[in-house]
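Undergrad: This is the structure I have questions about; it appears just below.
The values are calculated or read from the model by the stated rules, or taken from the named source; none is laboratory data. On a predicted model such as this, the values are computed, not experimentally measured, just so you know. Glycine also receives a Cβ, built like all others from the backbone with ideal geometry; neighbour counts cover every protein chain displayed. Note: areas computed on protein heavy atoms with side chains; ligands, DNA, RNA excluded. Shrake-Rupley method; radii C 1.70, N 1.55, O 1.52, S 1.80 Å.
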Amino acid sequence: MAQRTGPTRAEVTEGVQRRLDATLHALPGLHLEPVPAQFLRKPDTPTGVRVLRGGRLPGAGDDAYEAIAELWRESGCAVVESAGLLLVEDPRGYVISVARHEDEAPILTVASPAVPAPYLDRGLVAGLLAGLGFGCLGPCLTTLVPSALIPALAGSTATYWAWLPLFLLVAGGSLWFPDSRRFGLGLLVAGTLIGLPVAMTFG
């Protein structure tokens, strides 16, 4: 049986959250406004992926930088301070950073050590399955519903294509938002490959 070579994604996710909570407790009054991981700065890694958590620290000033730096320095971490950036390197591979951009609220980011990338992207797989269902059922449903509501459309082949605008709207909206982009890609690919042949065959 193969032995594990490093921490699991669940373990590093828990580690990221613990370090995020510890950082926020470095100074009373620190408040985090969460930012989606896609918009956080990710440290470079040659292999694998990192789990990210973080957000804005409204109202945080120089005292927050000093308190956070002192917290992690006392914990035995390497702390690097430069203009507008506080960078902490945890002995276990976690990276904590506080970055300030001009007059904007500082951004606190905690990144896990690199973990192996998953074999299957869950968002992409979910999109593929949704696209499969949309492509198979879409042309049929948009034929039955309009025909039932408007008898004059009964037998018209145009109704086989009525699903397409809705499909493109859902897929386009999913691709627009970073959090659902992988889902949108799977939906678009599977829905197009299945739905268009079905509509062309019956329409």
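Undergrad: Could you pull out every one of the strands (runs of 3 or more DSSP E) wholly within region 63-140 that has 1 or more residues that are among the hydroxyl-bearing types (Ser, Thr, Tyr) and either farther than 29 Å from THR8 by Cβ or touching a Lys or Arg at 6+ places or on another chain (Cβ under 9 Å) (or both)?
TA: The strands (runs of 3 or more DSSP E) meeting that bar are 78-82, 95-99, 107-111.
Undergrad: In region 72-106, which residues are open to solvent by 40 Å² or more (accessible area, probe 1.4 Å) and among the hydrophobic types (A, V, I, L, M, F, W, C)?
TA: ALA78, VAL80, ALA83, LEU85, LEU87
Undergrad: Then there's this: What is the one condition in (1) within 19 Å of ASP21 (Cβ to Cβ); (2) without any contact (Cβ under 8 Å) to a residue 60 or more places away in the chain; (3) hydrophobic (A, V, I, L, M, F, W, C) that VAL110 does not satisfy?
TA: Going through the list (1) within 19 Å of ASP21 (Cβ to Cβ); (2) without any contact (Cβ under 8 Å) to a residue 60 or more places away in the chain; (3) hydrophobic (A, V, I, L, M, F, W, C), VAL110 breaks only (2).
Undergrad: Please go through region 25-48 and give me each residue that is surrounded by 13 or more Cβ atoms within 10 Å (Cβ to Cβ) and free of Cβ contacts under 8 Å to residues at least 24 places away in the same chain, ordered by number.
TA: ALA37
Undergrad: Scan region 64-89 and report the pairs whose first residue is closer than 18 Å to VAL16 by Cα and whose second residue is in a helix (DSSP H, G or I), with Cβ atoms within less than 6 Å and a gap of 6+ or a chain change.
TA: These pairs meet every condition: ILE68/THR23; VAL79/ALA69; VAL79/TRP72; VAL79/ARG73; LEU86/TYR65; LEU86/ALA69; VAL88/TRP72.
Rundown of residues vs (1) at pLDDT below 85; (2) touching a helix residue (DSSP H, G or I) at 6+ places or on another chain (Cβ under 6 Å); (3) open to solvent by less than 40 Å² (accessible area, probe 1.4 Å), yes/no style:
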site	(1), (2), (3)
GLY127	yes, yes, yes
LEU166	yes, no, no
ALA171	no, yes, yes
PHE177	yes, no, no
ALA190	no, yes, yes
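Undergrad: Take the residues of region 49-71 that are modelled with pLDDT under 85 and open to solvent by less than 40 Å² (accessible area, probe 1.4 Å): which is nearest to the chain's Cα centre (by Cα)?
TA: ALA60
Undergrad: Report whether or not LEU144 is within 28 Å of PRO36 (Cα to Cα), modelled with pLDDT under 85 and loosely packed, with under 14 Cβ neighbours inside 10 Å.
TA: no
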